[in-house]
Protein chains: 2
Amino acid sequence: MAKPPTVEDVARVAGVSRQTVSNVLNSPEIVRESTRERVTAAITQLAYRPHAAARQLRTRRSSTIGVHLDPYTGGISGVLLDRFVHALTERASERGMRILIYSARTAEEEMERLGDLIDGGEIDAVVVTGTFFGDPRTGWLASRDMPFVSFGRPWGGDDVFRSPHTWVDVDGAAGTRTATRYALSAAGPRVGFLGWPSDGGTGDDRERGWRETMNEAGLIAPRFETADGLAIARATMTSIFAEGDTLAELDALVCVSDALAVGAHLAAADAGRRSLPVIGFDNTPVAEALGISSVEQSPELVAAGALDLLMGPTGTVVALRGSDSAPEHILVEPRLIIRPEGPDVS
Amino acid sequence: MAKPPTVEDVARVAGVSRQTVSNVLNSPEIVRESTRERVTAAITQLAYRPHAAARQLRTRRSSTIGVHLDPYTGGISGVLLDRFVHALTERASERGMRILIYSARTAEEEMERLGDLIDGGEIDAVVVTGTFFGDPRTGWLASRDMPFVSFGRPWGGDDVFRSPHTWVDVDGAAGTRTATRYALSAAGPRVGFLGWPSDGGTGDDRERGWRETMNEAGLIAPRFETADGLAIARATMTSIFAEGDTLAELDALVCVSDALAVGAHLAAADAGRRSLPVIGFDNTPVAEALGISSVEQSPELVAAGALDLLMGPTGTVVALRGSDSAPEHILVEPRLIIRPEGPDVS
């Protein structure tokens, strides 16, 4: 397909300056009639469209995908969603789509914001991030007939692979399975797990990979839990390590996030065992800086998968609902980044 | 000002369902004529505008600000720009503006991309990030009469406060001045600096704050340099600490970035001096996790300032050039986040 004509093309064909074309479009009264006619003829000849807005009205396509951007809350793992948005922007740009980001602090506020964007015809599709158990957003989008894909599977359903909508997600259980197997082979049989309180979602999925691997091997090791955050994880594990022989009885610790892994590492070091192998999840810059092994989610693959599901091979947004075939999903297999030297902050 | 009418309002006034209104707008042939007339009357009565595209054509305002989003390159400091984009999205949303993000790997590619967005009428204003010495983007935007503000001052000019465009930036020299004064009072007179090779920009500005503070105090301490990055900084400082008494002759080290500060901390620890006070710049999650003091840039204040400059107190995008008064600028004073316990990774 040829590139759409530009103001420069019109100026060249009409034999006038770019500014004159702009004047004809915006302030025709200041342009001489003969010049105005030349420019108008060039515009007609080239089928030049001065504003995307005109194109949008004609095609009902804004070529824009809406993505929610959380408020920045600091912490270690926030970078993951940002990597996804960066990658989505690049991949979308290659397909001629724009990314429009909006903020919202709750699912309700997000639906209100999306309602405005949809009513305004400002977006053609939505990428939903951070799905959770009981998430109202996906059903709401479906009821609005808005094409969307979620980064995050529908949690809590009987069979997520027969989901009513398309999704792309990272196989958290596969990630902790790989991490647990590695820890068993490299450190010993007593591989514990440090997780979040049960959330019916991401945290439970990651814990499952550890639990199943240990069960299959006929092994038992303790499972600890703490809220997310380096400081709280460090304090929790410091208390736990102070009681009995917990620390001495651990060969390694697989953790649900890098924040928990760093906290556990610091607690172990405080308790005199700097060498306790800990494995995090998210492969953040902090894990990299500290030499802590971690599961890499590959948000770049997730972004590419989201666009594949949303736009299909032809590159135009496809309505994903209402077809007879079940919507598709993509489950990205994460990789374990092994840092065999272990935490090397001394 | 009243909220613009929605599809729901039209449906209510016409006494029909939301879907019927949608049908009238999109597939009027399937709606009975009497119903169609009721809906059309309600649309007229409420002055309902079905698409933002129509509004855009009428007002020539897309209510959208374009912002460049770099490819994710990993590393420690990448989070800073993301914090800025998060804050910009929130603040813009409060003012009824959208943020459209685009990718580009070079300034040339960015101007090409912006040209498309401007020609398409898809953006009303631009926030330019990451200005550098000889940056062609700002002059190009000015030549296109596109309202813009840069995060980053124009580097290399005789007097940046008489800049040809508005900008908001962080006062890097003020940040390192505060850091150096704190190090002098808390650690001792021999406060060194670890910087990047001279770049005619951000790095030189931050170094100036250290140099001027030392000069004013009549003190001399060494200045080291390395490319950005934790590993290269650590290797460089390890070599330097291996020669002579460099490490023993330092009371503290002010660093141009957190990556360099963490690298220097690890090198000092390797050389047996874990307690060397280092101060970073950017207050990243890594510095926070390691308990390393750092200069906080407050990208949230930068984002608020950028919108103030771009939109003015009335909240509409103002053309910033061509007025008689000199364009404005905002220089945000950074804060030193002191972590007096020092790097506490053990």
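The values are calculated or read from the model by the stated rules, or taken from the named source; none is laboratory data. Predicted, not measured: the structure shown is a model, and the values here were computed from it. Note that each Cβ is placed from the backbone with ideal geometry, even for glycine, and that neighbours are counted across all protein chains shown.
When A:LEU100, A:LEU88, A:LEU69, A:LEU81 are checked against the criterion of being facing another protein chain (nearest Cβ under 10 Å), at pLDDT 90 or above and either within 27 Å of A:ALA287 (Cβ to Cβ) or in contact with a Pro (Cβ under 6 Å, 6 or more places away or on another chain) (or both), A:LEU88 stands alone in meeting it. Filtered by the rule that a residue be assigned to a loop (DSSP other than H, G, I, E, B) and closer than 25 Å to B:HIS68 by Cβ, region A:99-120 gives A:SER103, A:ALA104, A:GLY120. In region A:299-313, of all residues being among the small types (Gly, Ala, Ser) and touching a Lys or Arg at 6+ places or on another chain (Cβ under 7 Å), the one that is farthest from the other protein chains (Cβ to nearest Cβ) corresponds to A:ALA304. Among the numbered conditions (1) modelled with pLDDT under 90; (2) within 19 Å of A:ALA87 (Cβ to Cβ), the only one that A:VAL126 does not meet is (1). Checked against the criteria, A:GLY121 counts as buried (at least 21 other Cβ atoms within 10 Å of the Cβ), more than 18 Å from the chain's Cα centre (by Cα) and either modelled with pLDDT under 85 or of a type in the set (Lys, Arg) (or both).
Filtering region A:94-117 to residues that are touching a residue at least 24 places away in the same chain (Cβ under 8 Å) and over 20 Å from A:ALA142 (Cβ atoms) leaves A:ARG95, A:GLY96, A:MET97, A:ARG98, A:ILE99, A:LEU100, A:ILE101, A:SER103, A:ARG105. B:VAL345 fulfils the conditions (1) of a type in the set (A, V, I, L, M); (2) touching a Gly at 6+ places or on another chain (Cβ under 9 Å); (3) at pLDDT 90 or above except for a single criterion, (3). Apart from one condition, B:VAL126 fits all of (1) in a helix (DSSP H, G or I); (2) crowded, with 23+ Cβ neighbours inside 10 Å; (3) of a type outside the set (Lys, Arg); the exception is (1). Taken over region A:212-223, the criterion of being buried (at least 19 other Cβ atoms within 10 Å of the Cβ) and either of a type in the set (A, V, I, L, M, F, W, C) or more than 15 Å from A:TYR182 (Cβ to Cβ) (or both) is satisfied by A:MET214, A:ALA221. Checking each residue in region A:129-147 for being among the polar types (S, T, N, Q) and either in a loop (DSSP other than H, G, I, E, B) or free of Cβ contacts under 8 Å to residues at least 40 places away in the same chain (or both) picks out A:THR131, A:THR138, A:SER143. For region B:108-118, a residue qualifies if it is buried (at least 18 other Cβ atoms within 10 Å of the Cβ), more than 9 Å from chain A (Cβ to nearest Cβ) and of a type in the set (A, V, I, L, M, F, W, C), and the qualifying residues are B:LEU114, B:ILE118.
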